[in-house]
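Working notes, beginning with the structure itself.
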Amino acid sequence: MLDIDKIKSSIEGNCFISSVYYFKEIDSTNTYASDKNIPVDSLIITDHQLSGKGRLDRSWESAKNLNLTFSIKKRLTLSPAENHYLVCFVSFYVFRAVYKELEESLTKNELSKLFIKWPNDILFDNKKICGILVESKLPSNEYIIGIGINCNQKIFSSGIQATSIFNISGKQVDINNLLLKLVDSFSENFKELLSSEFEDIFKKWKKSTKIIGKVCTFDSGNGTITNGKIIDLNANGSISIQCGETVTDFYSGDIQLTGFN
C-alpha cells in the first residue's frame with residue numbers, strides 16, 4: 001500500500017517533482033494529468049486505477065493496493081521527430097529499476113528473460129510486467145508519462161499475458177521504495193534529455209530490448225496476424241521487419257507486436 005506521507009516528504013518540492021496528487025481511486029492518472037490546471041513537474045499516483053490507459057486505446061488492468069500506477073507531467077522542448085527518445089528514456093530506466101528488483105532472486109540466465117518490447121512495454125518471458133504510455137501535448141511541449149508496474153499482484157484475468165515482480169521473484173515488493181528509486185533515477189539522468197544526449201539514450205534502450213533477430217507476429221491494424229523476423233531497431237523510432245524477402249520499416253502507430261517465437 002502506498003505511504004503517501006513518505007512519498008511526499010521524499011520527493012515533493014525537489015527539482016524534478018514539485019507537486020504530488022494522490023487518490024485512493026481514479027479513472028486514469030494520465031487523464032487527470034492532462035488537465036491544463038495541473039502544473040508541470042507533477043506526480044499523480046493512486047492506489048487503484050479504474051480505467052488505465054494503454055497504447056492504441058487498450059486498457060491497463062491493475063489490482064487495488066498491489067501495484068504502482070502513476071503519471072508524471074513534464075515539459076520538454078523536443079521536436080515531433082525526437083519524441084520517441086523520451087519513450088526510450090522512460091522505458092530504459094523503468095527496465096533497469098525492475099531488473100534491480102529481480103537481481104537478488106534470479107540467476108543471470110533467468111534475468112535475460114526480462115526485456116523491453118518495442119517500443120516501450122517491459123516483458124518477462126513474454127508476459128507483460130510493465131506498461132508505459134507517453135502522451136505529448138502540443139504546442140505546449142508538455143508530456144504525460146504514464147507508468148504501470150505489476151508489483152505484488154498474483155492473479156490476472158484470463159486471456160491477459162501478464163505477470164508481476166512477486167510472481168517472478170517470490171518476494172513482496174515495497175512499492176514506496178520502488179517508486180522513490182525510480183523517481184530518483186529519472187531525476188539523476190534527466191539531463192540526458194535536456195542536453196540532447198539522444199544517441200546514448202537510444203543505445204541503452206536498444207541493448208535492453210533483446211528482440212533483434214527474433215521471429216515475431218504482428219498486427220498491422222486490420223486483424224491479420226503476420227509472421228516476420230526483426231532485423232533492426234532504428235534511431236528514428238521505427239522497427240525493421242523481414243517478411244519473406246522484403247524488409248519493411250514500421251512505426252509504433254503502424255503495427256502492434258503480438259508475440260515472439
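The values are calculated or read from the model by the stated rules, or taken from the named source; none is laboratory data. Worth saying up front: this structure is predicted, and the values here are computed from it rather than measured. So basically every Cβ, Gly included, is an ideal-geometry build from the backbone, and we count neighbours across all protein chains shown.
Here are a few things to note about the model shown:
- ILE144 passes every criterion in (1) among the β-branched types (Val, Ile, Thr); (2) out of contact with any Lys or Arg (no Cβ under 7 Å at 6 or more places or on another chain); (3) touching a residue at least 60 places away in the same chain (Cβ under 8 Å) apart from (2).
- Of all residues in the stretch 151-180 being part of a loop (DSSP other than H, G, I, E, B), β-branched (Val, Ile, Thr) and surrounded by 14 or more Cβ atoms within 10 Å (Cβ to Cβ), the one that is farthest from the chain's Cα centre (by Cα): VAL173
- In the stretch 187-195, the condition of being under 23 Å from LYS207 (Cβ atoms), exposed (fewer than 13 other Cβ atoms within 10 Å of the Cβ), in the same structural domain as GLU103 (by TED's automatic domain parsing) and among the small types (Gly, Ala, Ser) is met by at least one residue.
- Qualifying residue in the stretch 170-177 (condition: in the same structural domain as ALA97 (by TED's automatic domain parsing) and closer than 17 Å to SER252 by Cα): no
- Test: residue in the stretch 68-77 that is farther than 26 Å from SER10 by Cα and at pLDDT below 95: yes
- Residue check for PHE70: surrounded by 20 or more Cβ atoms within 10 Å (Cβ to Cβ) and within 16 Å of ILE144 (Cα to Cα): yes
- Criterion (closer than 29 Å to ASN236 by Cβ, touching a residue at least 24 places away in the same chain (Cβ under 8 Å) and among the acidic types (Asp, Glu)) met by exactly one of GLU82, GLU25: GLU82
- Qualifying residue in the stretch 240-255 (condition: under 18 Å from ILE122 (Cα atoms) and touching a Cys at 6+ places or on another chain (Cβ under 8 Å)): no
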